[in-house]
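Visitor: I am attaching a structure below and will ask some questions about it afterwards.
Values quoted throughout were computed directly from the atomic coordinates according to the rules given, and no laboratory measurement underlies them. What you see is a predicted model, and the numbers here were worked out from it, not measured in a lab. Cβ sites come from the backbone with ideal geometry, for glycine too, and all protein chains shown count toward neighbours.
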Amino acid sequence: MTEGPTTAERAGGPAAFVRLVEAFYARVETDEVLRPMYPEDLEPGKRRLALFLAQYFGAGPVYADERGHPRLRMRHAPFPIDPGAGLRWATHMLAAVAEQDWPDDVVAEVETYVRRATPTLVNRLPTPGPPDRPSGGDGPQR
Ligand code: HEM
């Protein structure tokens, strides 16, 4: 493999992920499902998400220096993330990515990551309702 600029560098360095996370949190703040999962003070979480993404895309151990190993599934276990919440999260993040002035290949890479990673953080499945009644049998089905 040839060495070249990392995805984080091509995005514009760690500050690019701060801008991404600001655009993402602007959507979380008005989302009636996601907002209650987040603490009142959103700033520490914003900072951690921006550092994590910068690290993931090659900026060096900027998240690990503060937080250690990401252990994202473990860190998300306290939050009731069902598929609907995951879809909202990913939709806001993909919209925030689309707003960034990034090269197309950087956009594609970050989108692919979000699409792959979000389902791994779903930790609740909906409770099934009562089973459907069998059709046919005697009398009309109501
Ligand atoms: C690509 C998917 C995701 C990534 C990469 C991600 C990443 C992160 C990171 C790095 C943190 C900070 C961890 C720490 O050091 O404490 C965090 C916190 C958090 N995440 Fe996620 N997350 C993702 C998906 C989700 C989803 C789907 C939800 C909910 C629907 C969610 C809700 C939260 C909440 C509530 C926090 C706590 C924020 C705070 O303490 O201020 N995340 N996430």
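Visitor: Could you figure out which of (1) in a helix (DSSP H, G or I); (2) closer than 18 Å to Val110 by Cα; (3) within 11 Å of the ligand (Cβ to nearest atom) isn't true of Arg19?
Guide: (3)
Visitor: Do you know which residues across the range 22-38 are crowded, with 17+ Cβ neighbours inside 10 Å and within 8 Å of the ligand (Cβ to nearest atom)?
Guide: Scanning the range 22-38 gives a single hit, Leu34.
Visitor: Evaluate the following for Ala77: is it surrounded by fewer than 16 Cβ atoms within 10 Å (Cβ to Cβ), closer than 17 Å to Val21 by Cα, of a type outside the set (Ser, Thr, Tyr) and in contact (Cβ under 8 Å) with a residue 12 or more places away in the chain?
Guide: Details: surrounded by fewer than 16 Cβ atoms within 10 Å (Cβ to Cβ): yes; closer than 17 Å to Val21 by Cα: no; of a type outside the set (Ser, Thr, Tyr): yes; in contact (Cβ under 8 Å) with a residue 12 or more places away in the chain: yes.
So Ala77 does not fit the description; no.
Visitor: Hey, can you tell me all the residues within the range 50-71 that are part of a helix (DSSP H, G or I) and exposed (fewer than 13 other Cβ atoms within 10 Å of the Cβ)?
Guide: Selection gives Asp65, Glu66.
Visitor: Give the residues of the range 39-77 that are closer than 20 Å to Leu121 by Cα, more than 8 Å from the ligand (Cβ to nearest atom) and either in contact with a Lys or Arg (Cβ under 8 Å, 6 or more places away or on another chain) or not polar (S, T, N, Q) (or both), sorted by residue number.
Guide: If the condition is that a residue be closer than 20 Å to Leu121 by Cα, more than 8 Å from the ligand (Cβ to nearest atom) and either in contact with a Lys or Arg (Cβ under 8 Å, 6 or more places away or on another chain) or not polar (S, T, N, Q) (or both), then Arg47, Ala50, Ala54, Phe57, Ala64, Gly68, His69, Arg71, Arg73, Met74, Ala77 are the ones that fit.
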